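Enquirer: Please see the structure below; I have some questions.
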Amino acid sequence: MVTDPLQRPPGGGARREPTVPLTLKTAIGTYPHTVPLKDGSITSPRVCLEHVEVVPANRAFRPMINQLSYDVSEMALVTLMLV
């Protein structure tokens, strides 16, 4: 029996696709390189992004570090190093 839907089934064969996409809560700024992710131009059948708008973006740093409020977040390298 396969417990992880992305693992190969016993005996080889192709990987099974997950039936429900993984939803990730994100806190990323709106920049030219992130707009396609935020407006839905780039999508994935495996991952659904739930965007939380935090302005300015550095307001997301503390909740990300202290409460793990987001699954994906931009973060200043210095903030990460001070943790």
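Throughout, read-outs are computed from the coordinates displayed, never taken from laboratory work. Note that the structure is predicted; figures quoted are calculated from it, not measured. Glycine gets a Cβ as well: all are built from the backbone with ideal geometry, and neighbour counts include every protein chain shown.
Enquirer: Using a 7 Å offset from the Cα along the Cα-to-Cβ direction at both T79 and S41, what is the distance between the two label points in nm, to one decimal?
Expert: 2.5
Enquirer: FRET efficiency for N66 and Y31, Cβ-Cβ distance as r, R0 = 22 Å, nearest 0.05?
Expert: The formula returns an efficiency of 0.35 here.
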